[in-house]
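This report concerns only the one structure given below.
Throughout, read-outs are computed from the coordinates displayed, never taken from laboratory work. As the structure is a prediction and not an experimental result, all values here were calculated from the model. Glycine also receives a Cβ, built like all others from the backbone with ideal geometry; neighbour counts cover every protein chain displayed.
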Amino acid sequence: MNARTDRMKHRPLALVAGSAALAFLIASAPAAAQNRDPAYAAARAAGQVGEKTDGYLGFPSTPSADVRHMAEDINIKRKAVYAEKAQANNATVEEYAFTSGCLAIARTAPGEKYQAPDGSWQTRGAGAPQRDSRCP
Amino acid sequence: MNSHELTNRARLARNLPMQGTQEWERGSTRQSAAYGGRFALGVLAGGSLALGGCVSVNAPDKPIVIELNINIKQEVIYRLAADAGNTISDNPDIF
């Protein structure tokens, strides 16, 4: 009896927490896409830049000066993040960058470009991308 | 383990020093002579096998490379995966 009332007392709380988590998920999904610079988002969508296996952006085709500059700028920022996180996790920058590359390729949207393990550039389809066998 | 011990005991009890075939008695001179003979025969057989047999082992030309690098790396990748996923989510402007 006591346990039952206890459970009933907690049920509204769990409901509120659940709906709050749901609302957060709904709100955060578009927020992630919105945080990209419009030029970067456009270059990704157009396949002017793609995700390389090493965790950095690459160019499936010869880029314009603007696109190259933008991607190199992002790569510098990525490297800084990788270096900081690698040190915190007792790993090398390359290891952390490669792991991030695995995940970044997995998170590409259909139509975006990514690098396959053999080095070739692929367009992400509806299915899973070609990834290194070591990827999680 | 228990059954093993019990089996051994039963075997020893059957073969008392003054009884039976003395198969388990290593102390007696007759027995050790027989063992010696058998041993010599074994050495002879083994020797002839080694000399005249066709068993030959050649060292490979190339050095044996055990690619531990792959395993270590995969282990590291799996360790870092969760953290890297958070990093990508936390930096949506550059991923």
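Which members of region A:98-133 meet the condition of being β-branched (Val, Ile, Thr) and either away from chain B (no Cβ under 14 Å) or part of a strand (DSSP E or B) (or both)? Lay out the reasoning, then the answer.
So in region A:98-133, the residues β-branched (Val, Ile, Thr) come out as A:99, A:105, A:108, A:123.
Within region A:98-133, just A:Thr123 meets the criteria.
Can you pull out every residue in region A:80-91 that is of a type in the set (Gly, Ala, Ser) and surrounded by 14 or more Cβ atoms within 10 Å (Cβ to Cβ)?
The answer is A:Ala83, A:Ala86, A:Ala91.
For region A:80-97, how many residues are under 15 Å from the mean Cα position of the chain (by Cα) and more than 7 Å from every other protein chain (Cβ to nearest Cβ)?
Going through region A:80-97, the residues under 15 Å from the mean Cα position of the chain (by Cα) turn out to be A:81-82, A:96-97.
Checking the rest, the ones that are also more than 7 Å from every other protein chain (Cβ to nearest Cβ) come to A:82, A:97.
Residues in region A:80-97 being under 15 Å from the mean Cα position of the chain (by Cα) and more than 7 Å from every other protein chain (Cβ to nearest Cβ): 2 in total.
Within region A:88-97, how many residues are assigned to a loop (DSSP other than H, G, I, E, B) and among the β-branched types (Val, Ile, Thr)?
As a first pass, look at region A:88-97 and keep what is assigned to a loop (DSSP other than H, G, I, E, B): A:89-92.
Right, trim to among the β-branched types (Val, Ile, Thr) and you get A:92.
Residues flagged as assigned to a loop (DSSP other than H, G, I, E, B) and among the β-branched types (Val, Ile, Thr) within region A:88-97 amount to 1.
Take the residues in region B:74-90 that are among the polar types (S, T, N, Q) and surrounded by fewer than 16 Cβ atoms within 10 Å (Cβ to Cβ); name whichever of them is farthest from the other protein chains (Cβ to nearest Cβ). Before you say what the answer is, go through the steps one by one.
From region B:74-90, those among the polar types (S, T, N, Q) are B:74, B:86-87, B:89; that's our starting set.
If we keep only those that are surrounded by fewer than 16 Cβ atoms within 10 Å (Cβ to Cβ) too, we end up with B:74, B:86, B:89.
Values: B:Gln74: 4, B:Asn86: 9, B:Ser89: 7 Å.
Result: B:Asn86.
Just one of (1) loosely packed, with under 14 Cβ neighbours inside 10 Å; (2) touching a helix residue (DSSP H, G or I) at 6+ places or on another chain (Cβ under 9 Å) trips up A:Gly125, so point out which.
Only one criterion is unmet by A:Gly125, namely (2).
I need the full set of residues from region A:47-79 which are surrounded by 13 or more Cβ atoms within 10 Å (Cβ to Cβ) and of a type in the set (A, V, I, L, M), in order please.
A:Val49, A:Leu57, A:Val67, A:Met70, A:Ala71, A:Ile74
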